[in-house]
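First up is the structure itself, then whatever we jot down about it.
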Amino acid sequence: MGKEQREADIQSIFHHMQMITRRANTRSRQLAEPLTLVEHSLLRFIADTPGTRATDIAEAFSLNRSTVSRQVGTLLDLGYIAYDDAESGRGRVVELTGVGRERLQASAAVHRAAVTDRLEGWSEEQISAFAKALERYNVADSQ
């Protein structure tokens, strides 16, 4: 593969990743109470990272603490998260509320259904190869 083809392929990957994000945003708006991409991302991180604090979110997403503070404030106001008052020490731990968990599950179900639909007709081997390629791509980003 030449350099020009590699660059063209990378541009194609970038373009298709943008399309995936745009479609996910559109699907989210179809819910009765849609989550924004930011809300979904933060709720997923909080759900997947027990004991997380706003500073952990800021670090994980490479965001300014004040930006995260506003987003956390919005999630608190919506009733999707709450502070874990049992925790002590530096920073306040946030956790999903029952409502937050329900909203995240509903949002994730819509997105999973879309992925399932798009993979219709793919062989098990193709799906497995795609999953491994995505995992490799995401692991490279976290190193």
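The values are calculated or read from the model by the stated rules, or taken from the named source; none is laboratory data. Being a predicted model, the structure only gives us computed values, none of them experimental. Please note: Cβ atoms are built from the backbone with ideal geometry, for glycine as well, and neighbour counts cover all protein chains shown.
Summary table
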{"read-out": "Among residues of the stretch 1-39, those that are assigned to a loop (DSSP other than H, G, I, E, B), under 22 Å from Phe61 (Cα atoms) and at pLDDT below 80, counted", "value": "1"}
{"read-out": "Residue match in the stretch 61-82 (condition: outside any loop (DSSP other than H, G, I, E, B), among the hydrophobic types (A, V, I, L, M, F, W, C) and at pLDDT below 90)", "value": "no"}
{"read-out": "Filtered residue count, the stretch 92-114, keeping only those that are part of a helix (DSSP H, G or I) and either closer than 23 Å to Ala82 by Cβ or among the hydrophobic types (A, V, I, L, M, F, W, C) (or both)", "value": "15"}
{"read-out": "Answer residue from the stretch 97-138, given it is within 15 Å of the chain's Cα centre (by Cα) and of a type in the set (Val, Ile, Thr) and is surrounded by the most Cβ atoms within 10 Å (Cβ to Cβ) among those", "value": "Val110"}
{"read-out": "Which numbered condition Thr55 misses (of (1) without any contact (Cβ under 8 Å) to a residue 24 or more places away in the chain; (2) not in a strand (DSSP E or B))", "value": "(1)"}
{"read-out": "Ser88 being among the hydroxyl-bearing types (Ser, Thr, Tyr), more than 18 Å from the chain's Cα centre (by Cα) and either part of a helix (DSSP H, G or I) or at pLDDT 95 or above (or both)", "value": "no"}
{"read-out": "Test: residue in the stretch 118-140 that is touching a Gly at 6+ places or on another chain (Cβ under 6 Å), modelled with pLDDT of 90 or more and not hydrophobic (A, V, I, L, M, F, W, C)", "value": "no"}
{"read-out": "Pair list, Cβ under 8 Å, 6 or more apart: the stretch 104-121 residue farther than 15 Å from Phe45 by Cβ, other residue basic (Lys, Arg) and in a helix (DSSP H, G or I)", "value": "Val110/Arg27; His111/Arg27; Ala114/Arg23; Ala114/Arg27"}
{"read-out": "Filter pass, Ala47 being in contact with a Lys or Arg (Cβ under 8 Å, 6 or more places away or on another chain), in a helix (DSSP H, G or I) and either within 15 Å of Ala106 (Cα to Cα) or of a type outside the set (Lys, Arg) (or both)", "value": "yes"}
